[in-house]
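Novice: Following this message is one structure expressed as structure tokens.
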Amino acid sequence: MKTYRIATVPGDGIGQEIVPLGVKVLQKAAQAFGFNLQFDFYPWGAGYYQEHGDFMPADGIETLKSYDAIYFGAVGLPSVDDTLPAMLYTFKVRTSLEQYVNYRPVRLLPGYDAPLRNKGPEQIDFIVIRENNEGEFVQNGKIQYGDKPYGFATETNLFTRAGIERIAHYSFQLARKRRKRLTNVTKSNTLIYTLAYWDRVIAEVATQYPDVEYRQMYVDNAAASFVLRPEVFDVVLTTNMIGDILSDLGGAIMGSLGLGPSGNINPEKNFPSMFEPIHGSAPDIAGQGIANPVGQIWSGALMLEHLGEQAAADAIVKAIEKVIASGLHTVDLGGNASSQDLTEAIIAQL
Ligand code: NAI
Ligand code: MG
């Protein structure tokens, strides 16, 4: 029987509660579909930093490299400097392991009152592809004379032709498998160097996919359109920061940040990919057992899909849909079910 080795990093806050629940669902799916999952847990994150001075040990990235995939919760604690989690964990992993695709489905599940009352599952079904290694988040800058009246800060975006081309090809190929529509969300009317270059390279790649309908949209319009006419979107290709913001808006129109899944993907499979919900460690609700586990569980389904276990992945998504449609909802969706209740119901469906 095939065995996949999964590095499991619950992280902080609700990550510690919902990652073990996601693991239970994945174990059940593996058992039902005839493969093995070996989960090795690593206690990394902001809590680990408080004891050890770093978010992971010095050989942490090397450790991750030996796995088939990484199953991750979220990092960050109110008591730890919040400029550290991205630098010392999330972006470190995403760039070291060349996970240049951030794959974020936005889909309305039937069965609850979502914020866009006049839109149904037919109208909200698209994927945000966020460039995940470059752009606004390369953390290239400095703060000087910070406490002086003449203090200043600077931070430079970075876009490479190779980086834009690879995310563009990934997105057009994805669009081909879907409704063949790609929207490049940009802001090249004001970021006239970096995003104008981004647009130019994407438009060049677009000529290689004449069967995919290509358009460009400014992010301000795109934000409004997510709410007013989400049905125009199929694959949304965008930059690191724009994608970060828009995919939380995507989570919101789904009804809760707690629903959204994501994959940080290295498509060539030279390195393991990492799967995590779109939300953070939610310290405001941590420790109460009420976090919505759906985004975490759905991220597990994306992981199985990436590993090639499509049937098991589909079964998990179907189980989530059935449970949500049955009316069993956590607090964020207006119900009173616990994280555990949701998980058990999803396992029962499998
Ligand atoms: P957040 O996503 O943790 O929480 C935002 C709001 O959504 C909160 O009111 C929270 O209760 C709610 N929420 C989030 N997930 C939920 C779930 N599963 N069920 C029900 N409600 C849920 O974002 P916030 O508050 O901006 O950040 C908190 C910490 O998380 C910070 O330290 C931040 O740096 C970190 N963070 C980490 C990420 C990662 O590890 N990839 C991503 C985003 C934030
Ligand atoms: Mg985010």
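FYI, it's all coordinate maths here, none of it is from the lab. Predicted, not measured: the structure shown is a model, and the values here were computed from it. Please note: Cβ atoms are built from the backbone with ideal geometry, for glycine as well, and neighbour counts cover all protein chains shown.
Novice: Between Tyr218 and Asp113, what is the label-to-label distance in nm when each label sits 7 Å out along the Cα-to-Cβ direction?
Specialist: The two pseudo-label positions are separated by 3.6 nm.
Novice: Given an 8 Å cut-off on Cα distances and at least 6 residues of separation, report the relative contact order of the chain as a percent.
Specialist: Relative contact order comes out at 23 percent.
Novice: Something else: Under the classification rounded if a/c is under 1.5, otherwise prolate if a/b is larger than b/c and oblate if not, where does the stretch 268-317 fall, given a ≥ b ≥ c as square roots of the Cα gyration tensor eigenvalues?
Specialist: oblate
Novice: When the Kirkwood radius is taken over all Cα pairs of the chain, what Stokes-Einstein diffusion coefficient follows at 10 °C and 1.306 mPa s, in µm²/s?
Specialist: Value of D from the Cα-based Kirkwood radius: 76 µm²/s.
Novice: Grab the DSSP H runs of the chain that are 4 residues or longer, score each as -39,500 (n - 2.57), total them, divide by all residues and round the 222 nm result to the nearest 500 deg cm²/dmol.
Specialist: Computed ellipticity for the chain at 222 nm equals -12000 deg cm²/dmol.
Novice: Using Cα-only point scatterers and the Debye equation, what is log10 of I(q)/I(0) for the stretch 115-254 at each q in 0.12, 0.16 Å⁻¹, rounded to two decimals?
Specialist: Log-scaled intensity ratios, in q order: -0.52, -0.83.
Novice: So, one more: Can you check what the net charge comes to around Gly73, using other residues whose Cβ is under 11 Å from the Cβ of Gly73 (Lys, Arg +1; Asp, Glu -1)?
Specialist: Taking every other residue near Gly73 into account, the sum is -3.
Novice: Further question on the same structure: Given R₀ = 22 Å, FRET efficiency for Lys2-Leu350 by Cβ-Cβ distance, to 0.05?
Specialist: The computed FRET efficiency comes out at 0.75.
Novice: Quick check on the stretch 214-298: take the gyration tensor over C-alpha atoms, sort the square-rooted eigenvalues as a ≥ b ≥ c, and tell me if it's rounded (a/c under 1.5), prolate or oblate.
Specialist: It comes out oblate by the Cα gyration axes.
Novice: Based on Cβ point charges of +1 for Lys and Arg and -1 for Asp and Glu, what charge dipole magnitude is obtained for the stretch 115-254 about its Cα centre, in debye rounded to the nearest 20?
Specialist: The calculated dipole for the stretch 115-254 is roughly 260 debye.
Novice: Tell me the label-point distance for the pair Thr83, Val138, using the 7 Å Cα-to-Cβ offset, in nm and rounded to one decimal.
Specialist: 1.9
Novice: In addition: What lysines sit close enough to Lys148 to cross-link, taking a C-alpha to C-alpha distance under 17 Å and skipping anything fewer than 8 places away on the same chain?
Specialist: Cα-Cα hits under 17 Å: none found.
Novice: Excluding same-chain residues fewer than 8 positions from Lys24, which lysines have a Cα within less than 29 Å of its Cα?
Specialist: Excluding near neighbours in sequence, the set is Lys2, Lys65, Lys92, Lys269, Lys318, Lys322.
Novice: Another one. Need one word for the stretch 260-350: rounded, prolate or oblate. Basis is the Cα gyration tensor (sqrt eigenvalues a ≥ b ≥ c); a/c below 1.5 gives rounded, then a/b vs b/c decides.
Specialist: Since a/c reaches 1.5 but b/c is at least a/b, the shape of the stretch 260-350 is classed as oblate.
Novice: Once you charge only the Cβ atoms, +1 for Lys and Arg and -1 for Asp and Glu, what is the size of the charge dipole of the chain about its Cα centre, to the nearest 20 debye?
Specialist: Charge dipole of the chain: 960 debye, to the nearest 20.
Novice: Going by average Cβ neighbours within 10 Å, how do the peptides 38-46, 119-127 rank, with the highest at the top?
Specialist: Going by the mean number of other Cβ atoms within 10 Å, highest first, we get 38-46, 119-127.
Novice: Compare the peptides 204-213, 323-332 by average per-residue count of other Cβ atoms within 10 angstrom and give them in order, highest first.
Specialist: 323-332, 204-213
Novice: Continuing with the same structure: Per 10 Å bin, what is the whole-percent P(r) computed from every C-alpha pair distance within the stretch 49-203?
Specialist: 8, 26, 31, 26, 8, 1
Novice: If you average the alpha carbon positions of the stretch 136-185 and of the stretch 40-90, how far apart do those two centres end up, in angstrom?
Specialist: Distance between centres, Cα-based: 23 Å.
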